[in-house]
1. Evaluate the distance, in nm, between pseudo-label points positioned 7 Å from the Cα of Arg140 and of Ser122 along their respective Cα→Cβ axes.
2. Neighbour counts of other C-beta atoms within 10 Å: give me Glu124, Glu191 arranged from fewest to most.
3. HN-Hα J couplings of the stretch 63-76 from phi, Karplus 6.51/-1.76/1.60, θ = phi - 60°, integer Hz, Gly and Pro as x?
4. Multiplying the sequence separation of Ser53 and Glu199 by 0.36 nm and subtracting their Cα-Cα distance, what value in nm do you get?
5. What FRET efficiency would be calculated for the residue pair Asp110, Glu178, taking the C-beta separation as r and a Förster radius of 45 Å, to the nearest 0.05?
6. For Ala86, list long-range residues whose amide hydrogen, built 1.01 Å from N in the peptide plane, is under 5 Å from its own amide hydrogen.
Amino acid sequence: MARFVLLLLLLLAGALMIALVFDHRGRREARIDRLRSAFLHGRPLAGHSRAASLVEFVHPRGMRFRAPASWTIEMVDGERTVTMGAAAGGRRVRVEVLRLEGQPSGSAVDALKSQEAEGERSVEVLPSGHALMQSIDTVRDTHGVVASYTWRLVREESGRRLEIAVFRLRLSVESAGEVIEQSDLTTLDREVREARFIETASPPSADT
């Protein structure tokens, strides 16, 4: 009888553990859906951002933008990555500039739509004439499951060449909906929209 009771308790404990795992997964997926909706169809935290001291960065391949001085900016230039800004701590943003070749229509919007992106995405034309695509997916790193936010900014050059700047920021799924994280997300969203391409030596051709 005692063995039967013990077995029953073990089965109940196992069932409870499985239920907790599924509940946690379900709540995490619901949280990701809310983050995706806010990022793609609205503005994080109603467009509010924290006051921050902004500094200007220039990517070696021709992209001028601003970011908070406390952030770390990783400039990807081919196989080389140049790290600028804060030595440690703060947000970490990865920026890459590439040239897209072989686009059949030469349209910046069509070029963005041809890019691979996980799940739902949004595409729009900015007042500057650049086209912007936003997407968000989840990845695993040393900190667990994180939300990977991506902005792809494209301009059409003369001769129907297309240049694209890719900005990436990762936030913990557990905390991405909090005020500070959403405020920083709003800051980067605003600065990506105001970023400008500048003339430099031709960047390498690639898809991203």
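1. Computed distance between label sites Arg140 and Ser122 equals 3.0 nm.
2. Glu124, Glu191
3. 9, 10, 8, 10, 7, x, 4, 7, 8, 9, 10, 9, 8, 8
4. Length gained, Ser53 through Glu199: 49.9 nm.
5. 0.75
6. Answer set, sorted by chain and number: Trp71, Thr72, Ile73.
Here, each number is a calculation from the coordinates, and none is a lab measurement. Every value quoted in this text rests on a predicted model; they were computed, and no experiment measured them. Every residue, glycine as well, gets a Cβ built from its backbone with ideal geometry; the counts of neighbours run over all protein chains shown.
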